[in-house]
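Written out below as structure tokens is the structure these notes cover.
The values are calculated or read from the model by the stated rules, or taken from the named source; none is laboratory data. Here the structure is a predicted model, which is why all the values come from computation and not from measurement. Because the Cβ atoms are built from the backbone with ideal geometry, glycine has one as well, and the counts that use them run over all protein chains shown.
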Amino acid sequence: MTITADPPAIRTAPEIPLVREATGSPLLIVRKGLRLSPEFTRGIGVTMLLAFIATVGRIVIPVAVQQAVDHGFDAPGGVDTGEVRVMAALAALAVAATMLAAYTMNRRLYQASESGLATLRIKAFRHVHELSVLHQQAEQRGALVSRVTSDVDTITNFIQEGGLVLFVSVAQMFLATAVMAAYSWQLTLLVWSCFLPLFAAMRVLQRRTGARYNTVRQSIGRMLGAFSESLVGAPVVRAYGVEERTGRRINEAVDATRAAQVRAQALTVSTFSAGEIAAGLANAGVVVVGVVLGVGGHLTAGRLIGMLFLVSLFITPVQWGVEVLNEAQNAISGWRRVIGLLESVPDVPDPASRGRAEALPQGPVRVEFQQVAFAYPGGPPVLRDINVLISPRARVAVVGETGSGKTTFAKLLTRLMDPTRGRVLANGVELRRVGFDELRRRVVMVPQDGFLFDGTIADNVRYGAEDATDAAVSAAFGRLGLGDWLSGLPDGVRTRVGQRGESLSAGERQLVALARAYIADPDLLLLDEATSAVDPATELRIQRALDELTRGRTTVVIAHRLSTAQAADEVLVFDAGELVERGPHGTLVNQGGVYARLHASWARQAQAA
Amino acid sequence: MPSRRRRRAETAQTGRSPATAARPPAPRTAGAQPDTHSDTDLAAGGAPGRAPFRQGLRVLGVAIRGEPRVFAAAVTGSALYGIMTVGSAWAIGWATNHVVLPDLRRGSAPGRGLAVAGLLIVAVALAKVVGIFGRRLLAGVVVFRMQARIRRAISAAYLRLPLSWHQRHPTGQLLSNANSDVEMAFQPMNPLPMTLGVIVMLLMAVVDMFLTDTVLALVGALLFPAVIALNTVYTRYAGPRFARAQELRAHVAEVAHESFDGALVVKTLGREDFETERFAARTRALRDANIRAGRARSLFDPMLEAVPNLGVLAVLLLGATRVAQGASRPGDVVSIAYLITLLAFPIRAIGWVLGDLPRGVVGYGRVHAVLSAEHSSDYGHGKLSHDAGPATLDLDAVRFAYDSAPELPVLRGVSARIEPGRTVALVGATGSGKSTLATLLARLADPTGGAIRLDGTDLRELARGEVPRAVALVAQQTFLFGESVRANVALGEQRTEAEIRAALRIAQAERFVDALPDGLDSVIGERGTTLSGGQRQRLALARALVRNPRLLVLDDCTSAVDPSVEAAILSGLKQNALGATVVVVAYRKATVALADEVLYLDGGVIADRGTHEELLARSAGYRELITAYARAAEDAAAADDRAADSAVAEDPALGDSAAEDRAVGEPALEDPALGDSAAEDRAVGDRPATEDEAAAETAAACEDLAATEDLEGAVA
């Protein structure tokens, strides 16, 4: 027995336009981020004012206490309980006001940040669906999900606390500097010169810290990958008794994660410590230089002591600022990823979005490919110079081996992708001029895997027609000859299908997918035939349903079964990116070409039984 | 606000948002299980029960016992930090009193005193830095080491627990057990050394207070019950709100995952708006839940901060009265008031630990459920002779029902003896139990009744490792590791290149492997070469062949392979004297043709047994089944061609592009973000065949008979 050539062994990944992270300065990213979620900054003035009150409140309390002590307990002629009561009452008022201010500020922050994040999530989600299949498939599902979940979450911390802290810290730092300069410009210079090296080193440190946290993220990813192998591959692991080996791989990843975490933590702590050392140097410097200046008559004792307090007012925000910067970096990288997604331009745009949609003339669709070619970005051509005309109501089968280009043909036909050259016309109108709204209503594709959403059968069918009632859904199944199948289900159209429809068999999922397409009532139907083995009873049902579904419509089937090709009005044979033969089954078999060879291979298979 | 900041900084250490670690508590943690398998002392922490606070302390205890020395060092460092925080104020005060003021008054600066003052301040700062390293770095080390330790224990548990256990738990959940639950469990450990460290300060202050004035000190001491009461109210109030938010967070991820998974359907039917609204509804629910939880937090934080302040005021008021009565001295009141302000920080620190405890308990409870899970799959001491050639297989009234549907057994008493060296095809409609039986043969599950014997020994009596050594199962859904082709085929066995190549050749995989960039050493999967479904199946087959199994079980393992290639594989299997007994689950006639004999399964029993021709001649059910495809083809084409059940090509779902195949690749994660969602990739990744089949077969079990009847009706 001869063996037909393997399909091209390696499917070298074409350079798919992955969703990149947004570039630009952190400031630009923050500005863009804030613009995307206007909720973040709405009413920020009031929130800041409350933050100010809460901060001032913290100072008021010790002051009130000190007043009570000075004027109450140390009052001339013994303790003045009245004075103490007044001061305590005032202080209690301050405590209450501070609490209220802090509470209101927190509430506002939660409200603003959560609302802003929700907006961002929804925008990002919508955009994922705007992208072409090429984009969508280039990304791991998980990566896309994380754009709308954890990437957005990384922004949370920063928005809820960090951003405000950073703002207050910077303000306090400059305020302290101004007052210090009023006391002694020399000492102010001294303090700044202690921190300048730290500020200078900050950029480098930030970058290094970022890199180390990146390593942590990667190692966690690898660790989860190892875990998931042991879980998803559990049957293989057990069937082949390779528990030890698998365990070793996981443990190596676990240990690598731990090491990376410790390294990242060490750098963070070092950065923080550097601030502490700078603070120590500044304090010592102020004492030493201050005394020298004071002795020289340039500084009074009071001012020197005042300086010492001011230095601590200056240092604290610097240290908090360093902490917040780490968080800011996380937030910015989260923003970069989300903004990167939102800024990636859909490469198959809806003409309606620019108000230039043309109507697709009514009635069954006539399809025309004019010198169509397609290549994935950076890849070799997958389709070359395709010219074909499919008349209305025709039933066409497309066959070819893996890599022949037949599925690309299907994607161009449904405008999941646009050709790199040439035009695809439907009823004389170029597909890329038809608004998505109309296009998706008139041209429907039934993908191979019959993906179902976790819900009832009726919910899933309604993906084809939003307002169909349960009765209409049942009726559709009936017309497709599937009434008996449906009535055999425990809850009829309200039967739940489970995640990805897995409560149903592969064949049954296809039945639902067919009903979904049927109720959408398209004028051009594209079917990607499933290859998986289904049991014969379901197979028969699928065949019956297809007969009804395809009646009166232009139908293109990516055929995997000889019977389908035989039943078609016409067969299109693809080979190595070209349309090499076309015609009815009978004619092609006798031509001795590619189709004849395919047919011979099928026949051999059949005879083997 | 800064005090609130610190807490955040402590929790952000893993570089992930703590918020993302959130997952709803799994229902399965509800029944606290006894420590039946506490083979590590990690399990000693106990499952979450009614007293979250005590449970929380136990979780902390687990970590402290795990890393006692590092923990002690961290606490010491924190204490040093606490002391030095006070010390730096003291050093500046000392310098002011002993150097600055006298020098300025004198108008001259004797270098020595000034130098001492400067050095003192710097020295205190350096000591503080040492404390910071202890407080933050060592605290981190404790947490990271404990996480690693628990993760190792979890991986051991995952590998130890039987497949039936795995099937009961979604992969996503198990992944989050190993990831975010572990993270969550030890989160309170981060601020703990700090808290304990400052408690030294706190104790000193309390002792000092009592020595100063007992009555006023009592007011100070009342702060602790106040803080605890506040925290209890907070936990009761906020706990459910946080749990709800975590649950909704999972829903958001679920909808996103499902929607992106079905992106093709969404796009081809133009349902983007509908999907966006579906997602937006979940997102808004999450937003509202987060805001509700945030409100609880908004109130708790300022209240906790107010407690010491109110304490100070109480002391002042009471003190004033006592001073007026002559019971206290003014100086004592002032110093107690001051001491209470010193307490504010330690109390905050205790608040951080207390605030994280509930989450820690939830996380640890989930982890604990894994570590203490019972496993029913036990091994005996039996050994097989591994060079005895093909194995004899006995099925003795084998019954099997899935846990989910115990009243609907899939196998209802299958008995058969398969002689060594025979090749037997299992044929039956969906739901007849073929794949289940294949799974039992490799002992991925045990029969619920009856026995399976290999060379006369019950599989359950064989020692660990014996079954994998003798039996190789190749499932329809292939699973490949993210490693080289060589490693995937050899899978830990010592095999020469020649042996590996021989196996690849029979599996018709040698040619495409040679064409890979690095041949046998090409890495497969996300970060390596992407293979088509058919290519992956061929590697899985080679993996079984290279082990020279004595019993080879093939479960429709060539479904995605090009028909002509499949034919070559089958004839290769036939020609090569494999030295194995072969059981093959067959859908295609070509596969049936490979067999010496056919077992026709129907309704969970062997309905008939014989050669293909014999069964065709005498079994109506078998005849219907095996010819149904052809009849379907007749229906469709009115053409009598019996080749109808062939597929044209190995073509994954609508995929010319390699990118497409990523969907079927192993989930390997680069992005941390993926942490939680990676799990969900399981749905797109290779699924364990048994799980798939299990779902399909249980669902189809009830329909089985009906389907066959219907089929008869249809073809009649």
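Computed quantities for the displayed model
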item: Residue match in segment A:408-429 (condition: free of Cβ contacts under 8 Å to residues at least 24 places away in the same chain, in the same structural domain as A:Ala568 (by TED's automatic domain parsing), buried (at least 21 other Cβ atoms within 10 Å of the Cβ) and basic (Lys, Arg)); result: no
item: Condition met for B:Leu138 (modelled with pLDDT of 90 or more and surrounded by fewer than 21 Cβ atoms within 10 Å (Cβ to Cβ)); result: no
item: Scope segment A:318-360; condition outside any helix (DSSP H, G or I) and farther than 19 Å from A:Arg126 by Cα; matching residues; result: A:Gly355, A:Arg356, A:Ala357, A:Glu358, A:Ala359, A:Leu360
item: Matching entry among A:Arg541, A:Arg597, A:Arg551, A:Arg516 (being basic (Lys, Arg) and closer than 15 Å to A:Ala394 by Cβ); result: A:Arg551
item: Unique residue being in a loop (DSSP other than H, G, I, E, B) and either in contact (Cβ under 8 Å) with a residue 60 or more places away in the chain or touching an Asp or Glu at 6+ places or on another chain (Cβ under 9 Å) (or both) when the list is B:Gly294, B:Gly220, B:Gly270; result: B:Gly270
item: Lone qualifier among A:Asp484, A:Asp528 - being among the acidic types (Asp, Glu), buried (at least 24 other Cβ atoms within 10 Å of the Cβ), facing chain B (nearest Cβ under 8 Å) and on the phi < 0 side of the Ramachandran plot; result: A:Asp528
item: The lone exception for A:Ser353 - which of (1) modelled with pLDDT under 90; (2) of a type in the set (Ser, Thr, Tyr); (3) under 27 Å from A:Ala568 (Cβ atoms) it fails; result: (3)
item: Residue among A:Arg147, A:Arg107 that is surrounded by fewer than 23 Cβ atoms within 10 Å (Cβ to Cβ), touching a helix residue (DSSP H, G or I) at 6+ places or on another chain (Cβ under 9 Å) and either within 8 Å of chain B (Cβ to nearest Cβ) or not small (Gly, Ala, Ser) (or both); result: A:Arg107
item: Residue identified as more than 30 Å from B:Gly482 (Cβ to Cβ), in a helix (DSSP H, G or I), among the aromatic types (Phe, Trp, Tyr) and facing chain B (nearest Cβ under 7 Å) among A:Phe227, A:Phe272, A:Phe199; result: A:Phe272
item: Some residue of segment B:327-345 being buried (at least 22 other Cβ atoms within 10 Å of the Cβ), aliphatic (A, V, I, L, M) and in contact with a Pro (Cβ under 7 Å, 6 or more places away or on another chain); result: yes
item: Number of positions in segment B:303-318 that are more than 7 Å from chain A (Cβ to nearest Cβ) and either modelled with pLDDT under 85 or over 15 Å from B:Ala221 (Cα atoms) (or both); result: 3
item: Test: residue in segment A:304-317 that is part of a helix (DSSP H, G or I), under 30 Å from B:Pro468 (Cβ atoms) and at the interface with another protein chain (Cβ under 8 Å from one of its Cβ atoms); result: no
item: Matching entry among B:Ile150, B:Ile154, B:Ile121 (being of a type in the set (A, V, I, L, M) and more than 27 Å from A:Arg248 (Cα to Cα)); result: B:Ile121
item: Cβ pairs under 6 Å, 6+ apart, first in segment A:534-550 and within 20 Å of A:Ala475 (Cα to Cα), second assigned to a helix (DSSP H, G or I) and modelled with pLDDT of 90 or more; result: A:Ala545/A:Leu514; A:Leu549/A:Leu514; A:Leu549/A:Tyr518
item: Filter result for B:Thr232 (among the hydroxyl-bearing types (Ser, Thr, Tyr) and under 30 Å from A:Lys411 (Cβ atoms)); result: no
item: Residues of segment B:460-500 satisfying the condition of being without any contact (Cβ under 8 Å) to a residue 24 or more places away in the chain and among the acidic types (Asp, Glu); result: B:Glu497
item: In segment B:268-282, residue farthest from A:Ala517 (Cα to Cα) [restricted to those that are more than 7 Å from chain A (Cβ to nearest Cβ) and of a type outside the set (Gly, Ala, Ser)]; result: B:Arg282
item: Checking A:Arg462 against (1) in contact with a strand residue (DSSP E or B) (Cβ under 6 Å, 6 or more places away or on another chain); (2) of a type in the set (Lys, Arg); (3) modelled with pLDDT of 90 or more, the condition it does not meet; result: (1)
item: Residue list for segment B:88-131, restricted to those being more than 9 Å from chain A (Cβ to nearest Cβ) and buried (at least 21 other Cβ atoms within 10 Å of the Cβ); result: B:Gly131
item: Any hit, segment A:435-443, residues being touching a Lys or Arg at 6+ places or on another chain (Cβ under 9 Å), in contact (Cβ under 8 Å) with a residue 12 or more places away in the chain and part of a strand (DSSP E or B); result: yes
item: Residue tally, condition of a type in the set (A, V, I, L, M, F, W, C) and not in a helix (DSSP H, G or I), over segment B:585-628; result: 10
item: Members of segment B:475-515 found to be over 33 Å from the mean Cα position of the chain (by Cα) and either farther than 22 Å from B:Leu570 by Cα or within 9 Å of chain A (Cβ to nearest Cβ) (or both), listed by number; result: B:Thr496, B:Glu497, B:Gln508, B:Arg511, B:Phe512, B:Asp514, B:Ala515
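A quick yes/no check of all residues on (1) in a helix (DSSP H, G or I); (2) surrounded by fewer than 24 Cβ atoms within 10 Å (Cβ to Cβ):
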position: B:Gly492; (1), (2): no, yes
position: B:Arg495; (1), (2): no, yes
position: B:Glu499; (1), (2): yes, yes
position: B:Gln508; (1), (2): no, no
position: B:Arg538; (1), (2): yes, no
